[in-house]
Amino acid sequence: MPNKDNQVLQDTTKAINATILRAKLLDTIMTGVFYVVALFFLVLLIVFATYIIVKGFMDFDISMMAFDHRGIGNQLFNTVYLVILALLISVPLGLLSGIYMAEYAKPGRVTKIIRISIETLSSLPSIVVGLFGYLVFIVMTGSQWNLFAGALAVSILSLPIISTTTEDALKSLPDGYKKGSYGMGATKWQTIRMVLLPACIPQIMTGIILAAGRAFGEAAALMFTAGMSTDINWNSTNLFSSTHPLNPFRPGETLALQIWASRTEAIAENSTQIANLCAAILMIMVFTFSISARYISQHINKKMIGDNK
Amino acid sequence: MQDNSRVIRQDISWKIIISLGGFFMIALTFALGFFLFYRGIGTFTTYDHSVFEFLFSSTWAPADSHDGGGKVGAAIFIFGSISTCLLALLISLPFSIGVAIFMTEISPGFGRKIIQPIVEIFVGIPSVVYGWLGLTVLVPVIKDVFDTQYGFSVLAASLVLAIMIFPTITSVSADAIRSVPKNFRQAAFGLGSTRWQVIYKIVLPAAKNGILTGVILGLARAFGEALAVAMVIGKTKVFPVSILSPTTNLTSAIAADMGGAMDGGEYNIALWTMALLLFFISLGCIFLIHYISESDGENI
Amino acid sequence: MREYIGDVMGESNVHSLDTSTAVHSIQDKFIVDKLDLYYGTFKALKEISMNIKESEVTALIGPSGCGKSTFLKTLNRMNDLDSTVRIEGSVLLDNKNIFTEIDVINLRQWVGMVFQQPNPFPKSIYDNIAYGPRVQGITKKAELDIIVERSLRQAAIWDEAKDRLHKSALGMSGGQQQRLCIARTLATKPDVILMDEPTSALDPISTLKIEELVLELKKDYTIVIVTHNMQQASRISDKTAFFLLGDLIEYNTTEEIFTNPKNPKTEEYITGRFG
């Protein structure tokens with residue numbers, strides 16, 4: 001114990017105690033503030049979701065789901081079809097570039113350019129992608145608005161998501177997987193195809209679901225590519241007819257676009273109700289996608305623990 | 001032996017295919033950049049306007065024809081984008097960092113089980129749904145509370161953007177806070193700090209570069225957001241006199257006018273120049289983030 | 001809360017005036033009584049009872065996983081940061097129960113800790129040292145300057161640090177960082193310094209410097225040090241406690257423990273037959 005003047009020490013002691021009391025009070029207050037902020041967003045989400053879904057189905061009438069110009073059945077079909085087309089394009093490409101970045105890329109200038117490219121793609125405003133799609137897939141090919149052009153534009157937005165999740169998934173695998181496979185004389189491609197990719201399927205699935213969720217709600221990239229109208233003849237038997245449901249080269253308005261159109265330029269008397277219903281359906285889809293992505297990623301954890309036993 | 005060579009050939013062909021997949025990303029990005037540049041530069045080359053006019057003049061009257069001769073001052077749109085984004089950031093930042101701190105330092109268990117999924121759902125909500133909410137709830141409320149004519153306003157746009165960028169800033173900041181080494185916290189607790197002192201004096205300063213990255217990513221998202229903002233900003237081509245007055249921004253202009261403008265005309269090309277500007281902004285954000293992460297650890 | 005320390009100070013001043021003759025009346029700094037500690041359901045410490053004397057160096061030794069570090073962290077309640085930890089029994093610091101009668105923030109300011117890995121904050125040397133005093137509410141530059149210099153001198157690192165006070169502490173060598181961390185602890189004016197294997201990450205020369213520092217500091221502070229290095233324990237400590245699987249096997253003067261251990265397990269460990 002240092003030899004110090006008792007009086008001085010006691011004075012400092014009192015000052016320090018006062019500071020500690022203040023510090024502890026502030027600590028309690030701030031803890032309260034953080035709880036309030038976090039709970040605010042919890043409540044906000046519940047309020048949003050309830051409001052959107054209740055309002056969407058308040059004036060619900062089965063005719064609003066009809067597969068003709070009065071309902072949004074066609075828009076729902078277009079949305080699903082467009083998402084599937086977009087995934088068919090972006091999943092293989094995203095997988096390839098993700099595998100390249102994780103397994104083949106050597107540190108250096110080229111790899112850095114690819115990384116910056118992927119980051120640029122993932123932060124591009126979707127309206128800019130829409131413009132690019134309009135120019136390249138519509139104007140330059142001389143075609144009318146069509147679903148396929150929309151799917152291509154949406155693919156540009158989902159590519160970086162799938163590429164990065166694939167890369168992260170591959171990089172997070174234990175080193176032993178690769179060594180074990182090489183040790184048995186497998187080639188790099190065999191190792192990737194038979195050991196590495198199967199081991200990260202759940203993570204890649206999660207990435208694909210997130211990308212699909214984004215594609216589902218995308219609107220800005222589709223305004224000038226997929227177009228804002230839809231005309232489907234469900235009895236059409238000619239795949240090349242511009243009204244056949246499965247012809248991707250026809251205009252195909254989606255749910256998200258319908259909200260935009262109904263709330264900004266529509267004239268139909270129930271357009272507000274239609275927009276409300278579209279919002280409610282999109283909100284339900286958001287929850288479905290989010291819950292299934294979460295379920296799959298939890299499933300991996302269980303599987304991994306199981307493997308360790 | 002024959003079988004072996006087949007396997008090796010296969011290995012090489014897949015290496016080529018996969019590498020092509022990687023290089024495709026460069027090709028795509030460059031194609032995007034090229035077409036944006038090729039089109040957007042037209043305002044300055046084909047129609048002979050100055051960059052200064054585009055950025056700083058507020059007279060917006062491009063001709064919808066190939067003849068040109070109109071005015072392409074985009075200052076109102078640029079100012080609209082900047083003001084809504086900065087206001088959105090100002091509103092969003094304290095909440096975002098608060099939630100990030102809550103889910104990492106205050107209650108990691110509750111944070112991981114409840115708050116993390118909530119943040120992810122906020123990311124997943126499509127921008128038109130945010131716009132729809134803004135239009136059906138926020139705009140009428142602002143109209144009533146502040147007694148304005150329409151309710152469409154800078155404030156409405158900023159609030160919608162604030163909610164949209166909150167998940168980005170929160171999740172990037174939370175990652176940055178989590179990666180602050182545990183032993184900093186231990187040392188600070190060991191010296192008799194309260195939790196708030198540890199957070200405020202040690203954890204936040206150590207995570208500041210990561211938080212800054214989140215802020216930039218959030219800003220990039222805000223600048224590029226089109227439809228949600230277009231639905232609530234009012235699309236009025238005047239400078240806003242207060243946060244309660246309507247104005248317009250870059251993305252709203254593109255979304256609203258591109259469909260009607262004649263392809264290759266002065267109007268159309270001026271909108272492309274706006275898109276080019278947005279592209280440069282998001283490119284700038286990416287480089288800024290790289291610069292921050294490279295300077296990480298140097299200037300403490 | 002700290003008034004009583006002032007009272008104790010009064011008494012200890014008496015001791016320090018004539019330490020040479022008052023060896024037998026050295027106070028108990030800590031009185032640990034039947035301390036049990038659980039991680040969830042795992043019992044990591046079993047009925048530990050020991051008294052730790054003021055102004056002595058007490059070494060805790062034992063094979064890894066024996067509970068010595070856990071015990072050390074209990075003394076300034078760093079274990080509180082782990083929510084699975086449950087503690088029974090009592091620890092008295094200057095006759096006050098650290099779990100019930102002393103606030104944890106005060107406790108950690110009086111019972112400082114130096115960790116296994118040097119852990120300076122990513123701040124300047126000056127700000128590292130000034131952190132503790134600032135947390136205690138000292139804001140005057142002149143006062144902080146005095147504390148920073150005194151702490152660095154006490155930790156025998158002033159000469160190496162004085163010309164770079166405002167440069168990052170992360171630029172120092174591992175040994176310097178560890179002495180900086182000791183200086184940082186000293187700046188909060190603790191009574192006790194806990195050290196958790198402070199030299200295990202350092203080279204032999206830095207280790208020697210820290211050991212010299214410990215011998216210097218024990219004049220003014222009570223020091224409890226965990227070490228896996230038996231030579232180190234014998235060089236610097238007055239008392240040694242041997243832990244094994246959560247039990248305190250033997251606790252005695254260092255000389256007795258190393259020359260004449262009572263328990264065969266202690267003998268096996270110090271002669272290097274296991275651990």
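The values are calculated or read from the model by the stated rules, or taken from the named source; none is laboratory data. All figures in this text were calculated on a predicted structure; none of them were measured in a lab. All Cβ positions, even for glycine, are placed from backbone atoms using ideal geometry, and neighbour counts span all protein chains on display. Protein only, heavy atoms only, side chains kept; ligands, DNA and RNA dropped before computing areas. Shrake-Rupley method; radii C 1.70, N 1.55, O 1.52, S 1.80 Å.
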> Angle, helix C:204-217 long axis vs. longest principal axis of chain C, Cα atoms, 0 to 90°, nearest 10?
Replying inline: 90 degrees
> Listed highest first by mean packing, meaning other Cβ atoms within 10 Å per residue, what order do C:75-82, B:141-148, B:191-198 come in?
Replying inline: B:191-198, C:75-82, B:141-148
> Nearest 20 debye, what's the magnitude of the dipole of chain A about its Cα centre given +1 on Lys and Arg Cβ and -1 on Asp and Glu Cβ?
Replying inline: 1280 debye
> GNM, chain C, Cα, under 10 Å: largest mean-square fluctuation among C:SER206, C:SER168, C:SER83?
Replying inline: C:SER83
>> Show me, for segment A:117-127, the HN-Hα J-couplings you get by feeding each phi into the Karplus relation (A = 6.51, B = -1.76, C = 1.60, θ = phi - 60°), rounded to Hz, glycine and proline as x.
In response: 4, 4, 5, 4, 4, 6, 10, 5, x, 5, 5
>> Looking only at the protein assembly as shown, where both bridge partners belong to it, what percent of the DSSP beta bridges are antiparallel (to the nearest 5)?
In response: 60 percent
> Once the piece of chain linking A:ASP175 and A:HIS299 is laid out straight, how much longer is it, given 0.36 nm per residue of separation minus the C-alpha distance between them?
Replying inline: 42.5 nm
> Taking every pair of alpha-carbon atoms in chain A, what share in percent sits in each 10 Å bin, from 0 to the bin with the longest distance?
Replying inline: 6, 19, 23, 20, 14, 8, 5, 3, 1, 0, 0
> Can you give the charge dipole size of the protein assembly as shown about its Cα centre, rounded to the nearest 20 debye, using +1 on the beta carbon of Lys and Arg and -1 on the beta carbon of Asp and Glu?
Replying inline: 1080 debye
> Can you give the accessible area of A:MET101, probe radius 1.4 Å, in Å² rounded to 10?
Replying inline: 10 Å²
>> Can you tell me which lysines have their Cα less than 23 Å from the Cα of C:LYS53? Leave out same-chain residues fewer than eight positions away.
In response: A:LYS4, C:LYS29, C:LYS34, C:LYS68, C:LYS73, C:LYS96, C:LYS189, C:LYS218, C:LYS219, C:LYS239, C:LYS262
> Roughly how large, in nm² to one decimal, is the mean projection of the convex hull of the alpha-carbon atoms in segment A:157-309?
Replying inline: 13.1 nm²
> Given H placed 1.01 Å from N in the peptide plane, which residues other than close sequence neighbours of C:LEU244 have an amide H under 5 Å from its amide H?
Replying inline: C:ILE249
> Amide H of B:GLY264: which non-local residues (sequence gap of 5 or more, or other chain) have their own amide H closer than 5 Å, using H built in the peptide plane?
Replying inline: B:ILE269
> In whole Hz, what ³J(HN,Hα) sequence does segment A:191-206 give by Karplus (6.51, -1.76, 1.60; θ = phi - 60°), x for Gly and Pro?
Replying inline: 4, 5, 6, 9, 10, 6, 4, x, 5, 10, 3, x, 5, 5, 4, 4
> Of B:LEU250, B:LEU278, B:LEU20, which has the largest mean-square fluctuation in a 10 Å C-alpha GNM of chain B?
Replying inline: B:LEU20
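Across every pair of different alpha-carbon atoms, what Kirkwood hydrodynamic radius in Å does segment A:48-102 reach? Show your work: numbers first, answer last.
Working: mean 1/r = 0.0709 Å⁻¹.
The answer is 14.1 Å.
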> Put +1 on the Cβ of each Lys and Arg and -1 on the Cβ of each Asp and Glu in the protein assembly as shown; which of B:ILE177, B:LEU133, B:ILE18 then has its Cα farthest toward the positive end of the dipole?
Replying inline: B:ILE18
>> Sort A:27-37, A:150-160 by packing, meaning the average of other beta carbons within 10 Å per residue, with the highest value first.
In response: A:150-160, A:27-37
>> Treating segment B:1-154 as a set of equal point scatterers at the Cα positions, no solvent, please give the Debye-formula log₁₀ I(q)/I(0) at q = 0.12, 0.19, 0.20 Å⁻¹.
In response: -0.96, -1.18, -1.21
>> At R0 = 22 Å, how high is the FRET efficiency between C:ASP145 and A:ARG22 if r is their beta carbon distance? Nearest 0.05 is fine.
In response: 0.40
> Taking amide H positions as placed 1.01 Å from N in the peptide plane, with prolines and chain starts having none, which residues 5 or more places from C:ALA59, or on another chain, fall under 5 Å of its amide H?
Replying inline: C:ILE225, C:ASP238, C:LYS239, C:THR240, C:ALA241
>> Between A:TYR182 and A:ASN233, what is the label-point separation in nm under the 7 Å Cα-to-beta-carbon projection?
In response: 6.1 nm
>> If DNA, RNA and ligands are ignored and the probe is 1.4 Å, what is the ranking of C:GLU143, A:GLU167 by accessible area, most exposed first?
In response: C:GLU143, A:GLU167
> Ranked from highest to lowest mean number of other Cβ atoms within 10 Å per residue, what is the order of the peptides B:162-172, C:243-253?
Replying inline: B:162-172, C:243-253
> Using only Cα atoms, what is the ratio of the radius of gyration of chain B to 2.2 N^0.38 Å?
Replying inline: 1.24
> Can you give the helix-only mean residue ellipticity at 222 nm for the protein assembly as shown, where every DSSP H stretch with n ≥ 4 adds -39500 (n - 2.57) and the sum goes over all residues, rounded to the nearest 500 deg cm²/dmol?
Replying inline: -18500 deg cm²/dmol
>> Can you compute the charge dipole magnitude of segment C:44-135 about its Cα centre, using +1 on each Lys and Arg Cβ and -1 on each Asp and Glu Cβ, nothing else charged? Give it in debye, rounded to the nearest 20.
In response: 220 debye
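For peptide A:128-140, how many partner chain Cβ atoms fall within 10 Å of a residue's Cβ, on average?
5
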>> Charges on Cβ only, +1 for Lys and Arg, -1 for Asp and Glu, centred on the Cα centroid of segment A:177-309; of A:PHE287, A:THR187, A:THR254, which one is farthest towards the dipole's positive end?
In response: A:THR187
> So which residue, out of A:PHE41, A:PHE249, A:PHE67, gets the largest mean-square fluctuation from a GNM of chain A using Cα contacts under 10 Å as springs?
Replying inline: A:PHE41
> So what are the three principal axis dimensions of the protein assembly as shown from its Cα atoms, in whole Å, longest to shortest?
Replying inline: 107, 81, 55
>> Spelling out what I want: for every residue of segment A:169-181, take phi, set θ = phi - 60°, compute 6.51 cos²θ - 1.76 cosθ + 1.60 (Karplus), and round to whole Hz; glycine and proline get x.
In response: 4, 5, 5, 7, 6, x, 4, x, 4, 5, 4, x, 5
